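First the structure, in the form of structure tokens, and then the observations on it.
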Amino acid sequence: MRNNTVIKAVKETISYNKKLTIILVLTVVGSITAGLIPPLVLEKIINTLTNQSELSLMAIILYFAILSLSGFLDAGKESLITVFGQKVTHHIRSIMCRKLKNLPADYYTRQDTGTTVSRFVGDVDTVETLFTSGIISMIADACRIFSILAIIFIKSPGLGILMLLVLPLLYLLTRSFQKRMLAAQLDNRQAVGRANNHIPDTIRSIRTLHNLKKEKYMEERYDIYIQEGFNAVNRSNFYDAIYSPIIITVSTILVAIMMTLSARGGWLMTFFGMSVGTAVAVISYVGKIFEPLESIGMEIQNIQSAAAGVRRINSFLNEKEKSIITNTSNIQIDDIPAIRLNNLHFGYETNKEILRGLTLNVNSGEHITLIGRTGAGKSTVFKLLLGLYEPWNGTVDIYGKKASSIQETEKRKLFGYVEQTFHAVPGSILDQITLGDTTFTKEHAKKALQTVGLWDTITKFSDGLDTPYQESLFSKGQIQLLSIARAIVSNPKILLLDEITANLDSDTEQRILEALQAASLNRTMLSISHRLYEYSGGKCITIS
């Protein structure tokens, strides 16, 4: 995938939302224009009064109407920018979700869950900031600054030159203050994080601290973190407090210089001079120019932050996808081993091989149990059978087809996988069995539950299969039975059992084994357990 995902998402969002885009552009232009008009109207009003001419009521109404329109357009602009940014980020998240389901399992081995979540949440949120407080806002603010400068030059060329000389210095000052405030805020967050971590660490180690008489030390460390946060907040407040007075002072000095020089007469009066109304208008414009100047500094900071987020999003979208062959829908099972592993070599890390030359044939209807020490690769065999990983060397075939090439839609018809831990999904009891797959009806779920002996329990609930799932509704053994029902609802040809009787008492284990005998009827079964093969009538193979 090319590295222009965000640009592509913006173009597609514009294409899908042409009316919104046109309204947004018109609102931005209108907001800038409406913000420039009130001082000009005020200029005419004051000049009319100073000339002792009659002031019309319409001029006053027009002034306040334009002020209201300017505020309305500003609010509309911010709202539309937010909506547009949300549409872009929604589109990006949709692209990322489609990518997520096409990633191979080794991606999740290399990347922890928190890193992936941060891509979907934090990094995509920075892209939204790119629009709400970034590119569009910065363009609007830059246009506002240039428009105000143009009007000031027309009204007072001298003041315009002064503004051109001062604005770069004020921009550098603004950026310096913003960077210092940001650094102070980051220091405060780090200090708060250390303080928050310090409390549970202290509680966990309280016995050791008492024995070693280190309570005072932990108290002092906590005080240090609190003080660091306090100092950081003070720095941020200090920069925030002195910035506005500096800007007000500079604007006042500029106006004072203009007034002083224009009062000297001669060419200076021509260069700086203006009517009373014009002076009021120019003073208003001088005040207006500093607000977008301050905003541009923060918008540049947001754009830089968003650029880092865009790079991380593109890195995610450039991850290698699993290869899927689409011509595997008709898998033949006659006279072909259900499972064939031939000279299999595999490991999760390049320098650490787990499976070394494993060869195994499992015929249709056969029951096999894998045993071996922890870490020998028993569960890894299951992951290879499910096509979640590609072997380093050797082959993994399911009914003669390469395991990793089987389509996702076919896998559930082939495999029923029961893990040690039941992973619930949001929804009803029916959803726990069907996983939201509408091809499975309540009758399918009922048959699966009857097979494992759990149907009578479900009928006792007032809403039956539609009862919202809660772990407290079932015992540990019943939850495992629910897991088996989920595995067999699709009537799979192969049943994979990953130590599902581990950590169960003997009575519960016996009930699970009886359910498995019914569930494994006329199915190929491969299990990981040190006892299950004794009940299944199968044979045992050691993985070392």
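The values are calculated or read from the model by the stated rules, or taken from the named source; none is laboratory data. Just so it is clear, the structure is predicted and the values come from calculations on it, not from any experiment. Here Cβ is always computed from backbone atoms with ideal geometry, including for glycine, and neighbour counts include all displayed protein chains. When the accessible area is computed, the model is the full protein with side chains, heavy atoms only, and any ligands, DNA or RNA have been set aside. Shrake-Rupley method; radii C 1.70, N 1.55, O 1.52, S 1.80 Å.
Would you pick out the residues in segment 122-151 that are charged (D, E, K, R) and at pLDDT 85 or above?
Once the filter is applied, which keeps residues that are charged (D, E, K, R) and at pLDDT 85 or above, segment 122-151 yields only 144.
Could you list all residues from segment 212-242 that are open to solvent by less than 70 Å² (accessible area, probe 1.4 Å), among the aromatic types (Phe, Trp, Tyr) and free of Cβ contacts under 8 Å to residues at least 60 places away in the same chain?
225
How many residues are in contact (Cβ under 8 Å) with a residue 24 or more places away in the chain and loosely packed, with under 14 Cβ neighbours inside 10 Å when one looks only at segment 147-173?
Filtering segment 147-173 down to residues in contact (Cβ under 8 Å) with a residue 24 or more places away in the chain leaves 147-149, 151-152, 155-159, 162-163, 166-167, 170-171, 173.
Then drop every residue that is not loosely packed, with under 14 Cβ neighbours inside 10 Å, which leaves 157.
The total comes to 1.
Just checking, how many residues over segment 387-401 are among the hydrophobic types (A, V, I, L, M, F, W, C) and either assigned to a helix (DSSP H, G or I) or buried (at least 20 other Cβ atoms within 10 Å of the Cβ) (or both)?
2
Which number in (1) assigned to a loop (DSSP other than H, G, I, E, B); (2) within 30 Å of residue 313 (Cβ to Cβ) marks the one condition that residue 53 misses?
Status for residue 53: all satisfied but (2).
If the Cβ limit is 7 Å and pairs must be 6+ apart or interchain, which residue in segment 34-57 that is over 24 Å from residue 145 (Cβ atoms) pairs with which residue that is of a type in the set (Phe, Trp, Tyr) and at pLDDT 80 or above?
45/63
Which strands (runs of 3 or more DSSP E) does segment 413-532 wholly contain that include 3 or more residues that are in contact with a Ser or Thr (Cβ under 8 Å, 6 or more places away or on another chain), in contact (Cβ under 8 Å) with a residue 40 or more places away in the chain and crowded, with 19+ Cβ neighbours inside 10 Å?
494-498, 524-528
Say whether the condition of being part of a helix (DSSP H, G or I), among the small types (Gly, Ala, Ser) and open to solvent by 20 Å² or more (accessible area, probe 1.4 Å) is met by at least one residue in segment 92-102.
The answer is yes, given that some residue of segment 92-102 is part of a helix (DSSP H, G or I), among the small types (Gly, Ala, Ser) and open to solvent by 20 Å² or more (accessible area, probe 1.4 Å).
Those residues that are over 24 Å from residue 103 (Cβ atoms) and free of Cβ contacts under 8 Å to residues at least 12 places away in the same chain, I need them from segment 350-403; list them, please.
If the condition is that a residue be over 24 Å from residue 103 (Cβ atoms) and free of Cβ contacts under 8 Å to residues at least 12 places away in the same chain, then 356, 374 are the ones that fit.
For segment 366-386, enumerate the residues that are in a loop (DSSP other than H, G, I, E, B), modelled with pLDDT of 85 or more and open to solvent by 30 Å² or more (accessible area, probe 1.4 Å).
Matches in segment 366-386: 366 only.
From the list 113, 202, which residue is out of contact with any strand residue (DSSP E or B) (no Cβ under 8 Å at 6 or more places or on another chain), open to solvent by 50 Å² or more (accessible area, probe 1.4 Å) and over 30 Å from residue 254 (Cα atoms)?
That would be 113, the only listed residue that is out of contact with any strand residue (DSSP E or B) (no Cβ under 8 Å at 6 or more places or on another chain), open to solvent by 50 Å² or more (accessible area, probe 1.4 Å) and over 30 Å from residue 254 (Cα atoms).
Quick one: would you say residue 82 is open to solvent by 40 Å² or more (accessible area, probe 1.4 Å) and free of Cβ contacts under 8 Å to residues at least 24 places away in the same chain?
So residue 82 fails the test.
Applying the selection to segment 121-141, what residues are in a helix (DSSP H, G or I) and either open to solvent by less than 30 Å² (accessible area, probe 1.4 Å) or polar (S, T, N, Q) (or both)?
123, 124, 126, 127, 129, 130, 131, 132, 137, 140, 141
Out of segment 12-60, which residues are under 30 Å from residue 124 (Cα atoms) and surrounded by fewer than 13 Cβ atoms within 10 Å (Cβ to Cβ)?
Residues satisfying the conditions are 15, 16, 18, 19, 22, 25.
What do you reckon, is residue 291 out of contact with any helix residue (DSSP H, G or I) (no Cβ under 6 Å at 6 or more places or on another chain), within 30 Å of residue 182 (Cβ to Cβ) and modelled with pLDDT of 75 or more?
yes
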